[in-house]
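Here's the structure, in structure tokens; my notes come after.
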Ligand code: SF4
Ligand code: SF4
């Protein structure tokens, strides 16, 4: 099989496509979210992007208790239960294999899936529809996740397809690459949106499940390649918002030659509802930083002549 035939057969798992985004790089963008991530950030707002495979999404509020789904499940993972809002089905996640056979059985749309397979051409046909917006705004396509480089082969083929068609490309990454091939995806992007989730390694491991050493060294390597970089800095109260962490981050970033700006991502809980939909618990209960504290943080970056922006 030649390269072109391989690309035709290659499929990626996509869990969301956002059109008309202003927050994922320059101009108006279409952002494609690929499934799978090596990190488990405690504040993750896209928990449905963590697992590699498509998975069952259950919205209990949509269930009317018809129980049409129960006989369809080969694992016996769906059961009837009385809840505060009436009779509903419950999913036993310990038994569920994410076979997704129940999805079509539900007339209410309470059972859906996070994650759909696309070929490169199928995905490209979707993003090319927004071409006129990219052209008029200096925008393009952003690949995010999850961590886009986990599906490195698909991400690279899709990125190349966009570039061949003169579409500006950005990759939103946690910087934790699982292989050199995964790193090469980042190296081919026109713009990187790069997350820094803490300079203290112990804290980083506690909050994400992984060390920050590879992430920081990859950032240096990518900077040396001359790719423009926007840093995304999640500001998690009590975890990443201390003067010490901000100062250390600013010092580190001041050594980069291709840093455009730092986006300050204040704590939020927009992803909370999705945890329940995939059978996970959201464990944090924090209050976002005040405007005063954000101003102080901006002041620290100002000392290092680093441009900041609130939000992405
Ligand atoms: S088929 Fe849908 S609406 Fe009916 S019980 Fe199952 S999840 Fe609820
Ligand atoms: S995804 Fe498959 S195993 Fe899970 S509840 Fe639905 S039918 Fe059962």
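Only residues in segment 263-277 that are closer than 27 Å to residue 250 by Cβ count as the first member; pair them with residues that are part of a helix (DSSP H, G or I), Cβ under 7 angstrom, at least 6 apart or cross-chain, and list the lot. Partner pairs satisfying both residue conditions: 264/294; 264/297; 266/294.
Yes or no, residue by residue, for (1) crowded, with 16+ Cβ neighbours inside 10 Å; (2) in the same structural domain as residue 173 (by TED's automatic domain parsing); (3) more than 16 Å from ligand 2 (Cβ to nearest atom):
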site: 12; (1), (2), (3): yes, yes, yes
site: 19; (1), (2), (3): no, yes, yes
site: 22; (1), (2), (3): no, yes, yes
site: 28; (1), (2), (3): yes, yes, yes
site: 32; (1), (2), (3): yes, yes, yes
site: 46; (1), (2), (3): yes, yes, yes
site: 82; (1), (2), (3): no, no, yes
site: 88; (1), (2), (3): yes, no, no
site: 91; (1), (2), (3): yes, no, no
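Residues that are within 11 Å of ligand 1 (Cβ to nearest atom), farther than 30 Å from residue 159 by Cα and surrounded by 15 or more Cβ atoms within 10 Å (Cβ to Cβ) are absent from segment 50-57 altogether. The helices (runs of 4 or more DSSP H) located wholly in segment 125-235 that include 1 or more residues which are within 25 Å of residue 55 (Cβ to Cβ) and either free of Cβ contacts under 8 Å to residues at least 24 places away in the same chain or assigned by TED's automatic domain parsing to the domain that holds residue 297 (or both) occupy 152-164, 180-188, 201-208. Has segment 115-135 got any residue that is within 15 Å of ligand 1 (Cβ to nearest atom) and surrounded by 14 or more Cβ atoms within 10 Å (Cβ to Cβ)? Checked against the condition, which is being within 15 Å of ligand 1 (Cβ to nearest atom) and surrounded by 14 or more Cβ atoms within 10 Å (Cβ to Cβ), segment 115-135 yields no hits at all.
Within segment 93-124, the set of residues being assigned to a strand (DSSP E or B) and more than 9 Å from ligand 2 (Cβ to nearest atom) comprises 112, 114, 116, 117, 118, 119.
How many residues does segment 71-80 contain that are under 15 Å from residue 110 (Cβ atoms) and either near ligand 2 (Cβ under 9 Å from one of its atoms) or at pLDDT below 95 (or both)?
Restricting attention to segment 71-80, the residues satisfying the condition of being under 15 Å from residue 110 (Cβ atoms) are 72-73, 77-80.
Subsequent filtering for residues that are either near ligand 2 (Cβ under 9 Å from one of its atoms) or at pLDDT below 95 (or both) retains 72-73, 77-78.
Count: 4.
The values are calculated or read from the model by the stated rules, or taken from the named source; none is laboratory data. Please read these numbers as outputs of a predicted model, since none were measured by experiment. Don't worry about glycine lacking a Cβ; one is built from the backbone with ideal geometry, like all the others, and counts go over all protein chains shown.
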